[in-house]
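First up is the structure itself, then whatever we jot down about it.
The values are calculated or read from the model by the stated rules, or taken from the named source; none is laboratory data. Keep in mind that this is a model prediction, so the values were computed, not measured. Because the Cβ atoms are built from the backbone with ideal geometry, glycine has one as well, and the counts that use them run over all protein chains shown.
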Amino acid sequence: MDNITPHASGQKWNAGHYAENAHFVPQLGHDVVKLLSPQPGQRILDLGCGDGALTERLVQLGADVLGVDSSEDMVDATRKRGINARVVDAHELPFDHEFDAVFSNAALHWMLDPQAVLAGVKRALKPGGRFVAEFGGHGNVAAICTALIASLQFRGISARGRHPWYFPTTEEYASILQTVGFKVDTIELIPRPTPLPTGMAGWLETFANPFLSGLEEDLRHSIIDNTLMLLSHSLNDGQGNWTADYVRLRVSAHA
Ligand code: BEZ
């Protein structure tokens, strides 16, 4: 696994941790699937398919789906569901005018060169094909990022180069879509505070390793403990229930 590319964030994907700590991610994908409204027989590319949980939903709705992900571990998990999937770097999509739609849920914020990604998405689509996606938009997990950065700095570690995510405004993303030749149908930012079934510690274990990479185990633990302490004031309800400060960017565009 860990298919590190020039654009990669340094995130280490583990399908087991993901299933345990982030199974809510595909469960919250219903609205973007509704926006896609896949029709039986349509050829759809699921970009950043993760462990294939939502890809499976598209298959159940009758679409002919290919899942792609940069993580071998995630692609293996998708294939175990009987779904066609390939390891592909989203910045170098190898498809040529073959899909009716490109779909993506909770993945595009990991892809740090959006223009390269969207140029490949446009090329992958048949003329008039649709791009429907949801991912972290401007302001997403702002409190979590601030607490991680403050905790690193408290231990004398620069956070420079450690922030692994791309959370654009609607204006910025619409402009890139238009630059590569899309027409934007709808684009919006949706605040969506999201309960975390395994708490903030589970979320940090699954997603925050780019902030902590290269640090000794003791130091990592101390930074995570401090992050939890800072966040307990804003994202814990005092009864032990944690919520992540998610903001979704949801977009529909056509080629
Ligand atoms: C998100 O879905 O917004 C997200 C998930 C993991 C890390 C950062 C953002």
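For (1) surrounded by fewer than 19 Cβ atoms within 10 Å (Cβ to Cβ); (2) modelled with pLDDT of 95 or more; (3) closer than 23 Å to V117 by Cβ, each residue gets a yes or a no:
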| residue | (1), (2), (3) |
| --- | --- |
| P6 | yes, no, yes |
| G10 | yes, no, yes |
| E20 | yes, no, no |
| L28 | yes, no, yes |
| K34 | yes, yes, no |
| Q42 | no, yes, yes |
| Q60 | yes, yes, no |
| L66 | no, yes, yes |
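Could we say that L152 is modelled with pLDDT of 95 or more, closer than 21 Å to I224 by Cβ and not small (G, A, S) here? I'd like the intermediate steps shown before the answer.
Numbers: modelled with pLDDT of 95 or more: yes; closer than 21 Å to I224 by Cβ: yes; not small (G, A, S): yes.
In short, yes.
Out of everything in segment 236-255 that is among the hydroxyl-bearing types (S, T, Y) and out of contact with any Lys or Arg (no Cβ under 6 Å at 6 or more places or on another chain), what residue ends up being farthest from the ligand (Cβ to nearest atom)? Write out each step before concluding.
At the first step, the residues of segment 236-255 found to be among the hydroxyl-bearing types (S, T, Y) are 243, 246, 252.
If we keep only those that are out of contact with any Lys or Arg (no Cβ under 6 Å at 6 or more places or on another chain) too, we end up with 243, 252.
Values: T243: 13, S252: 18 Å.
The selected residue is S252.
Name the pairs: first residue in segment 163-186 and farther than 14 Å from A133 by Cβ, second residue within 16 Å of the ligand (Cβ to nearest atom) and at pLDDT below 95, Cβ to Cβ under 6 Å, at least 6 apart or on different chains?
So the pair list comes out as P164/S9; P164/P210.
Which one of the conditions (1) out of contact with any Asp or Glu (no Cβ under 6 Å at 6 or more places or on another chain); (2) assigned to a helix (DSSP H, G or I) does T55 fail to meet, given that it meets all the rest?
Result: T55 passes all but (1).
Does segment 77-91 hold any residues that are in contact with a helix residue (DSSP H, G or I) (Cβ under 7 Å, 6 or more places away or on another chain) and of a type outside the set (S, T, N, Q), and which are they? Working first, answer last.
Keep residues of segment 77-91 that are in contact with a helix residue (DSSP H, G or I) (Cβ under 7 Å, 6 or more places away or on another chain), which gives 77-78, 81, 83, 85-87, 90-91.
Within segment 77-91, A77, R81, I83, A85, R86, V87, A90, H91 meet the criteria.
With the condition being within 12 Å of the ligand (Cβ to nearest atom) and surrounded by 14 or more Cβ atoms within 10 Å (Cβ to Cβ), I'd like the helices (runs of 4 or more DSSP H) fully within segment 126-235 carrying at least 2 qualifying residues.
Hits in segment 126-235: 142-154, 199-207, 209-212.
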